[in-house]
């Protein structure tokens, strides 16, 4: 590996780390709704089956996930306003695990190790990240 290739890999890892940190701010901006979804999942006793998803429809990962959550929704109507649009909802954990296994091994590992709490998934800033409500 050349010095330039090594630098590019390091630079890409740094950019990914920063984007994942930015996902925390996205999650923090949706805390009230996240709390509601977590309570719903706990009340239904489906902690091991479901997860909360916050997806930016204008993001490379968030777009397809937002379409899954809200099929056919016309995001450009929201995009014309000053607020940044997000799809928010509850999704099957198994499906998200399969997506992570293909695209983000670090997030896949995080999701797989959360057994006794509700994972919160954020798809924004070109990455996907996993959080717990208590860590936000």
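Here, each number is a calculation from the coordinates, and none is a lab measurement. Since the structure is predicted, the reported quantities are computational estimates derived from the model, not experimental observations. All Cβ positions, glycine included, derive from the backbone under ideal geometry; neighbour counts span all protein chains shown.
Of note:
- Counting 0.36 nm for each residue step from residue 14 to residue 83 and taking away their Cα separation leaves a gain of 22.0 nm.
- Distribution of pairwise C-alpha distances over the stretch 12-58, 5 Å bins, in %: 5, 19, 21, 19, 17, 11, 6, 2, 0
- Helical runs assigned H by DSSP (4 residues or longer) give the chain a calculated mean residue ellipticity at 222 nm of -16500 deg cm²/dmol, each run adding -39500 (n - 2.57) before division by the residue total.
- At an R0 of 25 angstrom, the distance between the Cβ atoms of residue 46 and residue 25 translates into a FRET efficiency of 0.35.
- Matching the structure-derived semi-axes √(5λ) of the Cα gyration tensor in Å against the labelled list [x] 25, 20, 13; [y] 25, 17, 13; [z] 30, 20, 12 gives the label [x].
- Translational diffusion of the stretch 85-136, estimated by Stokes-Einstein from the Kirkwood radius over alpha carbon pairs at 20 °C in a medium of 1.002 mPa s, is 187 µm² per second.
- Against the main long axis of the alpha-carbon atoms of the chain, helix 31-44 sits at an angle near 60°.
- Gaussian network model of the chain, springs between alpha carbon atoms under 10 Å - residue of 62, 126, 72 with greatest fluctuation: 72
- Scattering curve values for the stretch 42-114, log₁₀ I(q)/I(0), Debye with Cα scatterers, q = 0.26 Å⁻¹: -1.19
- In plain terms, the chain from residue 97 to residue 74 could stretch by 5.6 nm, reckoned as 0.36 nm per residue minus the Cα-Cα distance.
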